[in-house]
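*Asks:* Handing you a structure now.
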Amino acid sequence: MSGVLVLVDHVDGEVDRLSREALALAGSVAKATGGDVEAVLIGEGAADAARGLGVHGVRTAHVVADARLAAYAPAAWAAAFVELIDARGPAAGIAAGSDRGNEVLAHVAARTGRPMAANVIDVEVGESWRLTRQRWAGSLLEDSTLEADVRLLTVAPHAAAVADATSAAASPAVDVVEHGPTIDDRDLVVQVTGREVSVAGGISLVDARVVIGGGRGVGSSEAFASLEELAALLGGAVGGSRVVTSNGWRPHSDQIGQTGLRIAPDLYIACGISGAIQHIVGCKGAKRILAINTDPDSPIMAVADYAVIGDLHHILPAISAEIRRRASV
């Protein structure tokens with residue numbers, strides 16, 4: 001095999017967005033190497049997710065079959081991925097630049113003694129592979145080379161465009177192959193024992209097309225009611241800055257930023273958020289940013305496409321009222 005092996009993460013039988021982005025970059029790498037894209041899926045629901053991967057250019061999906069790996073166990077998942085690298089001989093092993101993707105590939109690199117490059121946004125395949133990757137929370141782009149028999153890399157979040165959604169029935173056929181790994185009990189010492197998913201109105205922050213974010217300017221947990229109201233009208237979700245979660249106004253699972261979630265909605269409405277670089281890292285994937293702030297010189301204005309200078313406690317109810325008025329006409 002001269003192509004690419006991609007670790008694909010999934011939830012409830014659906015491939016997650018960051019893995020779809022990783023597959024998009026993997027497709028260009030595989031084309032340059034003259035090979036195919038092959039996927040590796042582990043955990044509950046892997047077989048269901050594998051069947052719809054044809055639309056993302058996957059020819060073969062390796063479903064790791066071991067009941068002990070139903071829950072996330074980084075060392076064990078890495079062991080399974082290494083077995084498939086040894087069996088398939090790809091030119092590269094790729095994963096999403098998520099917490100999970102970076103962790104598993106770091107284990108793979110440590111096990112095999114190969115170098116790993118994280119947060120890659122572009123790959124130029126040649127005798128020497130040239131990479132462009134994000135550093136310092138995305139504020140710096142680094143040009144580098146990666147030399148190894150199998151290049152290991154993760155794809156920076158929201159750096160690659162993904163294919164349009166297609167139903168499994170319409171997706172090109174994928175050859176789904178079951179792989180039975182050899183797992184040492186020592187690799188199962190660390191594993192996930194429970195999982196909480198924060199969902200607003202049935203829409204997660206990562207998947208929402210509209211996100212309303214609140215910062216220190218919101219003032220209290222109760223004051224988020226106006227953000228929730230607007231989000232409900234727009235079919236969106238509500239998140240917050242680090243100060244919001246630190247103050248206990250929202251759970252940490254709602255935090256947008258370098259130490260929280262990275263989002264890529266069509267529209268991000270930043271309310272009372274100053275715009276520290278750590279927060280910008282989390283929202284810069286948005287197609288459009290609307291900032292609502294009393295300070296016209298706040299850093300958020302430098303990245304906003306639109307701005308409303310004023311008190312969010314007056315502006316948000318006015319926007320919601322106008323949406324309701326137009327909906328009733």
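*Asks:* Go through the range 248-278 and count every residue that is touching a helix residue (DSSP H, G or I) at 6+ places or on another chain (Cβ under 9 Å) and either free of Cβ contacts under 8 Å to residues at least 40 places away in the same chain or in a loop (DSSP other than H, G, I, E, B) (or both).
*Replies:* 18
*Asks:* Mind checking which residues of the range 1-26 are open to solvent by less than 40 Å² (accessible area, probe 1.4 Å) and either on the phi > 0 side of the Ramachandran plot or assigned to a strand (DSSP E or B) (or both)?
*Replies:* Val4, Leu5, Val6, Leu7, Val8, His10, Gly13, Val15
*Asks:* Can you name the residue in the range 189-205 that is aliphatic (A, V, I, L, M) and modelled with pLDDT of 85 or more and, of all such residues, is farthest from Glu103 (Cα to Cα)?
*Replies:* Leu205
*Asks:* With the checklist (1) more than 22 Å from the chain's Cα centre (by Cα); (2) in contact (Cβ under 8 Å) with a residue 40 or more places away in the chain in hand, flag the one item Ala47 doesn't pass.
*Replies:* With (1) more than 22 Å from the chain's Cα centre (by Cα); (2) in contact (Cβ under 8 Å) with a residue 40 or more places away in the chain applied to Ala47, the lone miss is (1).
*Asks:* Would you be able to say whether some residue in the range 305-317 is among the hydrophobic types (A, V, I, L, M, F, W, C) and open to solvent by less than 20 Å² (accessible area, probe 1.4 Å)?
*Replies:* Yes, the range 305-317 contains at least one residue that is among the hydrophobic types (A, V, I, L, M, F, W, C) and open to solvent by less than 20 Å² (accessible area, probe 1.4 Å).
Here's the yes/no breakdown for (1) more than 16 Å from the chain's Cα centre (by Cα); (2) under 23 Å from Ser320 (Cα atoms):
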{"position": "Glu228", "(1), (2)": "yes, yes"}
{"position": "Leu233", "(1), (2)": "yes, yes"}
{"position": "Val243", "(1), (2)": "yes, no"}
{"position": "Ser253", "(1), (2)": "no, no"}
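*Asks:* Which residues, counting only those in the range 257-273, are at pLDDT 95 or above and within 13 Å of Arg242 (Cβ to Cβ)?
*Replies:* Ile273
*Asks:* Just to be sure, is Ala50 surrounded by 23 or more Cβ atoms within 10 Å (Cβ to Cβ), closer than 26 Å to Val190 by Cβ and touching a Pro at 6+ places or on another chain (Cβ under 9 Å)?
*Replies:* So Ala50 does not fit the description; no.
*Asks:* Since Val40 meets every condition but one in (1) in a helix (DSSP H, G or I); (2) open to solvent by less than 40 Å² (accessible area, probe 1.4 Å); (3) of a type in the set (A, V, I, L, M), which condition does it not meet?
*Replies:* (1)
*Asks:* Here is a follow-up. Can we say Thr154 is modelled with pLDDT under 95, outside any helix (DSSP H, G or I), farther than 16 Å from Leu316 by Cβ and among the polar types (S, T, N, Q)?
*Replies:* So Thr154 does not fit the description; no.
The values are calculated or read from the model by the stated rules, or taken from the named source; none is laboratory data. What you see is a predicted model; the values in this text were computed from it and never measured. Cβ sites come from the backbone with ideal geometry, for glycine too, and all protein chains shown count toward neighbours. Accessible surface is based on the protein model in full, side chains and every heavy atom, while ligands, DNA and RNA are left aside. Shrake-Rupley method; radii C 1.70, N 1.55, O 1.52, S 1.80 Å.
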